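See below for the structure under consideration.
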Amino acid sequence: MTARSDGPEELPINGDDDVVRVRQLVRAYAQRVKLSLVDQTKLVTAASELARNTLIYGGGGFARVEEIHDGRRAGVRASFHDEGPGIPDVTLALADGWSSGQGLGLGLSGARRLADEFDLDTEPGRGTVVTVVKWKR
């Protein structure tokens, strides 16, 4: 799998306006690789949830968005990085309906369902990186 030669774009996530900018950037990449409207919506929804989690639970951080290719198809990879407290119980955090805050508990589990690929790298005291990929069908 390769990224575009112009490399990934990074945006800070330090406030609500940044969450909006991340959504807009992810949508632009999804349109660039010609994802269907349904897949664009899925990816943008997942990115919005993950950007909000980065802000609320991670205390802010950044998003990295890039176009990727696997030799057969194009896709978009979006990763969300924070240096927050980390997630002590990943199994619980990925369970539908569970929330550590006031939310509906659909952030991580919802993002996982909406993406073609999902990766969660976290450890208490080290922060969290969540990566999602959506491939063109």
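Throughout, read-outs are computed from the coordinates displayed, never taken from laboratory work. Source: prediction; values computed, not measured. FYI the Cβ positions are ideal-geometry reconstructions off the backbone, even for glycines, and counts take in every protein chain you see.
A few points about this structure:
- Here the average projected area of the convex hull drawn through the C-alpha atoms of the stretch 2-135 stands at 7.7 nm².
- Annotation for the stretch 107-132 versus the stretch 1-69: alpha-carbon center distance of 13 Å.
- Here the gap between Leu37 and Ala74, fully extended at 0.36 nm per residue and compared with their Cα-Cα distance, gives a gain of 11.8 nm.
- Couplings 3J(HN,Hα) of the stretch 121-132, computed from phi: 10, 8, 7, x, x, 10, x, 9, 10, 10, 10, 10 Hz, in residue order, whole Hz [Karplus 6.51 cos²θ - 1.76 cosθ + 1.60, θ = phi - 60°; x for Gly and Pro].
- Each of Glu66, Glu117 was scored by other Cβ atoms within 10 Å of its Cβ. Arranged with the fewest first, they read Glu117, Glu66.
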